[in-house]
Amino acid sequence: MPIYEIVFYAFSLVMLAGAVGVITVRNPVYAALCLVLTFFSASAIWMLLEAEFLAIILIVVYVGAVMVLFLFVVMMLDINVAPLKEGFIRYLPVGILVAALMAAELLVLIWSKGRFEAGAYPLPAPNPEEYSNTKAVGEWLFTNYLLAFEVAGVILLVAIIAAVALTLRHRAGGHRQNPSHQVRVERDERVRLVKMKPEPRQGS
Amino acid sequence: MNSTNMLLAAPELWVMVMACVILIVDLYLGEERRGIIHMLAILTLVFAAIITLRADYAADGVREAFAFNGSYIRDTMGDVLKLFSFLILAIVYTYAKFCLRQFRMFRADFYTLSLFALLGVMLLISANSLVMIYLGLELISLSSYALVAFDRDSRLGSEAAIKYFVLGSMASGMLLYGMSMIYGATGTMDLGQVAQAVRSVGSDDPLLVFGLVFLVVGLAFKLGVVPFHMWIPDVYQGAPVVTTLFISSVPKMAAFAMAIRLLQTGLVDMQADWSQMLSILAVLSIILGNVAAIAQTNIKRMLAYSTISHMGFVLMGLLPGTAMGYGAGMFYVIVYSLMSAAGFGMVILLSARGVEAEKLDDFKGLNQRNSWYAAIMAMVMFSMAGVPVFVGFFAKWMVIKAALDAGLMWLAIIAVIFSVVGAFYYLRVVKLMYFDEPLTEAEIDAPVDFRAAISLNGIMMIGLGIFSSSLIAVCMASFGA
């Protein structure tokens, strides 16, 4: 067995185990950590496909940013897991039926017509030494997939607008600072000069 | 085809820029000058329509042009659907301004989010690759989720938004799964090349069929046809009525265009397969939509079930796979959007002082309160029921004719029977308005632009019916029929 096969199977198994863990583990923090493990294994498999850029992006963005944020949220919210499990048994038969159907269909697909047999797809030729995966991805993003790339940006903008629109509230009693108001403050608003009669010094 | 012909996408670019401009302008406007936002939004739509109309891309008699390396397509169908999107969104904005003011929710977010949704609609209508279809759809969906939760203090609204979000994400997942299968079998994401690849691979390839099933499921979710309709009644009822007005009209046209692009452009050789799937969806929708609507006492819910049955009719136009059928489906979806806008517009009109008139009883004795509004609502209901002379009749007639031409007699018979069943609940609204005593004598007043818009929208029901042949001709010409 060549080394890349061993690496592939090892990381695939870890990835599957991680994915199963995400949905079976009781504690949401462990589930999030299992997802991190899944992402790591996926990125290793990408590395095996010589897609370094995607592999690193997966770790930097998903593991580094998204999952850490997710963990923060999970830890800050005191989620009571018990009510989430309600109805699990009741819906289990339907769930199993659907899952079994899907799995059966997938298996039929995999075994049909020899599409996924060993040797159906030859190994791609290795890239030349100076080939840069990052450069290739960048080139495609800004030429062939320019529109898709820009629209993805618009989608992120919409996500920001939606998040702000749904959560920003100006409470009546809130103590907010208004910098422009603070800068424009007049002397009269802070100092009050009081005219009073001079008082004779006591005890002289 | 390999050029980045950016000017073709000028309408999209204009809408995107203006959505961002409105977003920024709003920062500098106080509560009392929000009307400017409304004017800007209407201006955006007007100029978008002008830009769309001025495009000159017909070469050698073929009205079809590609941009962005084939991922974007301009054609007659797309242009007509876009123009109607602008018209209907302008009507929606006119209704929305009145409604948002009454409910003290007149914020610019509604305008920016719905303009971004419009951008998604336009991109989806013009999508010519699997990626663009997915991205356009997500842009519409994300904006719609936020719009459903727009009334932040409404528990029903938040619940509806969560349901919509979860089911919508699942549908997107299904669609993506299907797309990945299609990509796996054909090795390309460009819909034109997918069609070629399908021809060479053979349309009975199990991987393609498997992908097609998931595509159709995703599509059915987005159109909201049985058995993937569960979200429609809850979302329509739970969302603020302005949002319901929006999501029930404009995005439906995009969903139709998506079906055309995926099924007619991409997978046309698998017509025998998807035709069967669509016929099951269509029959179930027409039956369930019309029967379940009878039991509703909430007009938003009733119109939601009526949407389900209308979408069944649209699918019925698609499934014969003929140019006549596609044209009929396109005509139906445009007419449906106009009818739906008018129907929810009436709900907005009757909503007073921040209370939505969502009970059927709110329509009682409308004729005594204001006979013109009652007449408009009656026209809308007649049109939805498919009474002759009104435009809804011609829409149904064209679709059923397309099914008959394709030899689908049984489908046509079911459609006719359940249209008659459906007529019951539409006519019940008419009966409530004309023969029942009003619950309140409160005056119905609305600003002049609202009255103009709803009158125009109501007159369209009969005007487009009498002069339906030109619009039908345009729809048919889009598909070369």
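Rule-based calculations on the coordinates, nothing more; no lab input. Here the structure is a predicted model, which is why all the values come from computation and not from measurement. Using ideal geometry, Cβ is built from the backbone for each residue, glycine included, and neighbour counts are taken over all protein chains shown.
Numbers below:
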read-out: For the protein assembly as shown: rounded, prolate or oblate by the Cα gyration tensor [a/c cutoff 1.5]; value: oblate
read-out: Residue with peak Gaussian network fluctuation, chain A [Cα springs, cutoff 10 Å], from A:Ala103, A:Ala152, A:Ala136; value: A:Ala103
read-out: Whether the range B:295-367 is rounded, prolate or oblate, judged on the alpha carbon gyration tensor where a/c under 1.5 counts as rounded; value: prolate
read-out: Fluctuation leader among A:Val183, A:Val22, A:Val194 - chain A, Gaussian network, Cα springs under 10 angstrom; value: A:Val194
read-out: For the range B:1-150: rounded, prolate or oblate by the Cα gyration tensor [a/c cutoff 1.5]; value: prolate
read-out: Sequence-distant residues sharing a close amide H with B:Glu64 (under 5 Å, placed H); value: B:Ala59
read-out: Degrees, to the nearest 10: B:250-259 long Cα axis against longest axis of chain B; value: 20
read-out: Likely footprinting exposure, A:Thr143, B:Thr188, B:Thr297, B:Thr112, fewest C-beta neighbours within 10 Å first; value: B:Thr297, A:Thr143, B:Thr188, B:Thr112
read-out: Unit charges on C-beta of K, R, D, E only; dipole of the range B:42-162, Debye; value: 500
read-out: C-alpha long axis of helix B:299-318 to longest principal axis of chain B, angle in °; value: 30
read-out: Packing-based ranking, highest mean first, of B:98-104, B:189-195, A:72-78 given that Cβ atoms within 10 Å are counted; value: B:189-195, B:98-104, A:72-78
read-out: Per-residue ³J(HN,Hα) for the range B:473-481, Karplus 6.51 cos²θ - 1.76 cosθ + 1.60, θ = phi - 60°, Hz, x for Gly and Pro; value: 4, 4, 4, 5, 5, 4, 10, x, 9
read-out: Amide H within-cut-off set for B:Asn128, under 5 Å, with H built and near neighbours excluded; value: B:Tyr72, B:Ile73
read-out: Electrostatic dipole magnitude of the range B:3-477 [Cβ: Lys, Arg +1; Asp, Glu -1; Cα centre; debye, to 20]; value: 520
read-out: Whole-Hz ³J(HN,Hα) from phi, Karplus 6.51 cos²θ - 1.76 cosθ + 1.60, for the range B:429-439, glycine and proline x; value: 4, 4, 4, 4, 6, 9, 10, 10, 7, x, 7
read-out: Relative exposure of A:Trp46, B:Trp397, judged by other C-beta atoms within 10 Å (fewest first); value: B:Trp397, A:Trp46
read-out: The range B:285-428 - charge dipole about Cα centre, Lys and Arg +1 at Cβ, Asp and Glu -1, debye rounded to 20; value: 220
read-out: Length-normalised contact order for chain B - Cα pairs under 8 Å, 6+ apart - percent; value: 15
read-out: Relative contact order of chain A, defined on C-alpha pairs under 8 angstrom at six or more residues apart (%); value: 13
read-out: Residue among A:Val185, A:Val61, A:Val14 with the largest mean-square fluctuation in a Gaussian network model of chain A, springs linking Cα atoms under 10 Å; value: A:Val185
read-out: Gap separating the Cα centres of the range B:241-298 and the range A:22-57, nearest whole Å; value: 37
read-out: Relative contact order (%) - criterion: Cα under 8 Å, at least six apart; region: the range A:1-84; value: 27
read-out: In sequence order, calculated HN-Hα J values of the range B:391-405 (Karplus, 6.51, -1.76, 1.60; Hz; x Gly/Pro); value: 5, x, 5, 5, 4, 5, 4, 4, 5, 5, 4, 4, 5, 5, 4
read-out: Residues with amide H under 5 Å from that of B:Asn5, placed H, sequence gap 5 or more; value: B:Phe68, B:Asn69
read-out: Rounded Å value of the spacing that divides the Cα centres of the range B:364-412 and the range B:8-59; value: 34
read-out: Leading residue at positive end of dipole, chain B (Cβ point charges), from B:Met258, B:Asn298, B:Leu471; value: B:Asn298
read-out: Cross-link pairs B:Lys82/B:Lys401; B:Lys300/B:Lys364; B:Lys97/B:Lys359; B:Lys222/B:Lys359; B:Lys222/B:Lys401 - those with Cα-Cα distance over 18 Å; value: B:Lys82/B:Lys401; B:Lys97/B:Lys359; B:Lys222/B:Lys359; B:Lys222/B:Lys401
read-out: Order of B:Lys431, B:Lys222 - criterion: other Cβ atoms within 10 Å of each residue's Cβ, fewest first; value: B:Lys431, B:Lys222
read-out: Rounded tilt (10° steps) of B:76-102 against the dominant C-alpha axis of chain B; value: 30
